[in-house]
Each structure stands twice: as structure tokens, then as C-alpha cells.
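Beneath this line is the structure, given in C-alpha cells, with notes to follow.
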Amino acid sequence: MREELISLLPNLRRFALSLTGSAADADDLLQTTVERILKRGVPEGAHIGKWAFRVCRNAWIDETRYRKIRRAPDEQSEDSNRHSEDGVATALEKIAVSQVGKALQALPDNQREALALVAIEGFTYAEASEALEVPIGTIMSRVARARKELSAQFDLKDLLGS
């Protein structure tokens, strides 16, 4: 189990980053996820990969609930670019990545989770359905709505400057 969990760490971190929108929060979420799995184990017959993503998602839900109760809304901070780099291409790339990140964070949680598993992590709809414990049709619908929302926000002509 340990080796399988270690091999999942990069994918789990990407998923955590897609949920949190912050590298520091993603690292904390990843640590919480691994601690929970190591402490509680994996249920008999469960696929460790799918189980790990489910644990990660549930840990994030717990954290967001905690934050709503414990923090004032103005205390929430945004991840910002702290390093300046030369070059127009680098700057434009950072702007585009930032815009996509903000657009992803603006999606409802359930759509962002489904899209992250299917589009970023490469899960099939069936695997995402099992990991998030919702029907496959729900996953398909959430991914479709998320993609539609993102495509509406980003017109290809705008990105290319045409």
C-alpha cells in the first residue's frame, strides 16, 4: 500500500491544488489526506487510488466548513505572483494561467471536482463517479457544465489576440 500511495502523490497534489487554488493549501491538504489514509487504512476491496481521491475531497470539504466557521471573509487571501520575470511571453503565459485558475476557482465545487478528476487526472467518468460517490450521469453533467462555463469565459480569439 505504501508504494502505491507514494506513486499517487503527484496526482493527489494536482487534485488538491485544483480544489484549493493555493500551493500552500494544496500541500496541507495532501498531508492531511496521506495522514488519514495511513491512520485509518483503506477499506477491504477498495481501490487505493480512488479511495485516496475520495479522502482528499472529503478532507477539503471538512476544511472549507471549518474555514467558514472560524474565519472572517476578509481574512481569505489570494495566491499572487511574487516573483517578477522578464519577457512578454512569460508574462502573457502567467496571465493566462492566472485567468484559468481564477475561472476554475469560480466554478461550483462539484463541477470543479468532477472536471479536475476527468480532465486533469485522466479518470474515466466511471472512475470519477466511484471516487466522488455520485452517479456517472451526474459526473458527465458536471463536467459538461464546467467545460461550457470555461469555454464561455475564454474566447479563443481573445486568447490569440485576433
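The values are calculated or read from the model by the stated rules, or taken from the named source; none is laboratory data. Predicted model, so just to flag it, every value in this text is computed and none were measured.
A few notes on this one:
- Across the range 7-22, the number of residues qualifying as modelled with pLDDT under 90 and not polar (S, T, N, Q) comes to 2.
- When Ile120 is tested against (1) modelled with pLDDT of 90 or more; (2) within 21 Å of Val55 (Cα to Cα), only condition (1) is not met.
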